[in-house]
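Taken together, the values in this text are just the output of simple stated rules run on the coordinates, not laboratory data. It should be emphasised that the depicted structure is a prediction, and the values quoted were computed from it without experimental measurement. We place every Cβ from the backbone using ideal geometry, glycine too, and count neighbours over all the protein chains shown.
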């Protein structure tokens, strides 16, 4: 007999099923109404005769005019009514003949009115089911409906009940969170089961509720009930080698205490102590066994261990969130320890030291595998461009108590301070420096200076970073005197082996003359001038218009669409590291920044193929669009290719000339100052107070500029030379790609603004053409780089195998030589035994033979350990040969004589 279940109307599952049923019924009603309307249309409207019969021509095909027929699958709100109820839709014919489309719309409206007349009808929804906002709203409503049920389940899970042990069916007192689904154990079964699983999180219920207990606590049932006892837990490790005596029967005892720190926190355990039952020898796992077990020591005594997955998680967190500190991670581990019913502190300094030791060991391991963490595969062997810029946010406070020990990664990514200091001193002694900030036109740049004073409260004032056009970090150095020109000069010299064609900076118009001046004094730096200057595209808009035309990367032949702002993208990532590195010691800061740089490059390398392919597709599409835009511009201005070439020459000639001084030059000064302030707000802001000061100055300068423009327009009689205020304001928003050219900058060049507009469009199109070729070449270099690395790995493996064969052969030759020497001594001793007159020589030969035999056994045992089970085969030595090297037994005659 079937069991009758009673449905709960408040059950969320019942409400969800009821809602879906109502929606299906609603859609069914709408489909029935549509079918009825289509049937009436077919009966009422006879088939139309073709116009070809009456006129002689058919109706031309095409899109039908009028309103578009509405879809019959529109979604409407659910209707709260009985599942067994039905709605009858009266479909009485109207007195006037209607268009089928209008009739269908009218019937649908009547159906909606009938549904809306129900007392429980919901309000119509304006959004469709495919809308994201509608889906989010429905999800919120369902979560709200299920919230009481979730709370009920959350409370019910705390009920202990009367569970039974999953092994012996006795009353259970322990619940293990790691042994699901068989999580309940009695006291005895818990000890037996978790003897090999001491890292499981357990909870006891002897006090009537779930209480987390450490692995060193067990539950014992006594006469007065349950009580807790302490037990020794052994660190789980891999199986260690058997005893040297060959015995296989050994016991595992608790050894010296050891602290294990995992992602779940602190564990107090004991190292396993193995004792052979045959020879009573004892041994513990060494460092190799601990590493095979997944542990890394926190000290050389192995008294504290970290799991490798814990340190790997810390490294990934550091890369994903550069501002995440080790102290915060230690607090997280302490919280996890407390949640598991355990106790014990987490030493943040020891954690960082161990983490850096593992990171350096992994780095050396990667170096042996031909890894190049600071090399861009797409820029090898020849690089297109190198971009350098300073990051003033990566400063470090002066600390008197910090040690001067060198870091693990000294000189790997961050250049050694002593080498940089010697280079800067050489430059400043050879060249007379110019004091003050550099100016470009009317703008002043903080980075454009040759000398700077040192800050009093800071040790390192920041870092100068160099990257390639793909954002790979190449080299960096610590800044001690602000952003002086000697720092990028050092990076440029260090990166000369990369054979870069362009050197990018945001003040290239001031740096390159300084480089030429230094190279003229120091011939060793003359090769640096073989590179081409490249002014960053974004920063060029804050320079003078003529400077932008002469130095901007958009106008450099062969540069492609390289922006020159890649270093800004990298600095936005590295700047977040300053939250923790500014309080570190000198060595720890260098090590941590190097690890961040390697992590950044690794992620760049993993996505490089996707970036290049996507960039190529977008470049091709943009090239097509910009080519069409250039053609439209030529048509609009009614100019031929010869005219365009002449205009390009005119723009370059105008940019090469000098701008005469006028009384209205202050307007250009204010405009360039505003653009530079905008750049500073976006890039160079180090605090909210500084940002507030810049924005206030920005508003004041903008007001002054608009007043000067109004005065100029009032004085100018010709309307053609007036300044459009709307265009100026648009150029200050950052959305305009055209630099402002003032009337007094024209000095005789007619229509220079129009010519520069054509010039910029032509340059953009040419750079896009170059970019397609550059990207294809870079993709080829990535493939070649992978093939080269593969060949290097194969050669390295062959060299290792060859070295192993050589060593095996040398070991075999060593053993053969010892055996031959022993045989020579045996034969010599046998010859001397015939003659009884050389007893002293025979004793010497026996002693020498004994020494050779002992030496052979020591060498053979060491080689067996190194070569493993196949030692006898590789060394061509058999067990019989080993016993044959013992000293010959004394003859009976000799024994009698000795007696």
Notebook entry, point to check: In nm, to one decimal, how far is the residue 830 label point from the residue 426 one, both placed 7 Å along Cα→Cβ?
Noted result: 7.3
Checklist line | Mean Cα-pair separation over length for the range 250-368, i.e. relative contact order, pairs under 8 Å, 6 or more apart, % | finding: 25
Next item on the list: Give, in nm to one decimal, the length gained when the segment between residue 248 and residue 784 is fully stretched (0.36 nm per residue of separation minus the Cα-Cα distance).
Entry: 187.6 nm
Check: For the residues 591, 641, what sequence is obtained by ranking on other C-beta atoms within 10 Å, fewest first?
Finding: 641, 591
Margin query: Let's test the formula: R0 of 25 Å, r as the Cβ-Cβ distance of residue 361 and residue 331. What FRET efficiency results, to the nearest 0.05?
Written below: 0.40
Check: Taking only the alpha carbons of the range 543-667, what extent do you get along each of the three principal axes, in Å, biggest first?
Finding: 63, 46, 22
Item checked: Ranked list, fewest to most other Cβ atoms within 10 Å of each Cβ, for 199, 825 -> 199, 825
Notebook entry, point to check: Beyond 19 Å, what percent of the Cα pairs of the range 158-230 remain?
Noted result: 22
Next item on the list: Counting only C-alpha contacts under 8 Å and six or more residues apart, can you give the relative contact order of the range 321-439 as a whole percent?
Entry: 19
Check: Roughly how large, in nm² to one decimal, is the mean projection of the convex hull of the alpha-carbon atoms in the range 377-606?
Finding: 12.5
Item checked: Extension gain (nm, one decimal) between residue 847 and residue 135, 0.36 nm per residue minus Cα-Cα -> 246.9 nm
Next item on the list: Return the Cα extents of the range 250-368 along principal axes one, two and three, sorted largest first, each rounded to a whole Å.
Entry: 56, 43, 18
Notebook entry, point to check: Please state the relative contact order of the range 158-230 as a whole percent: Cα pairs under 8 Å, 6+ residues apart?
Noted result: 25
Note to self: I'd like the FRET efficiency for residue 153 and residue 517, computed as 1/(1 + (r/R0)^6) with the beta carbon distance as r and R0 of 51 Å, rounded to 0.05.
What the structure shows: 0.10
Check: From the Cα gyration tensor of the range 343-433, with a ≥ b ≥ c the square roots of its eigenvalues, which class applies: rounded if a/c is under 1.5, or else prolate if a/b is larger than b/c, or else oblate?
Finding: oblate
Checklist line | residue 865 paired with residue 232, simple spin-label distance in nm, labels 7 Å along Cα-to-beta-carbon | finding: 2.7
Note to self: How far apart, in nanometres, would the label points at residue 704 and residue 614 be if each is projected 7 angstrom from Cα along the Cα-to-Cβ direction?
What the structure shows: 4.4
Next item on the list: Could you line up 753, 536 from fewest to most neighbouring Cβ atoms inside 10 Å?
Entry: 753, 536
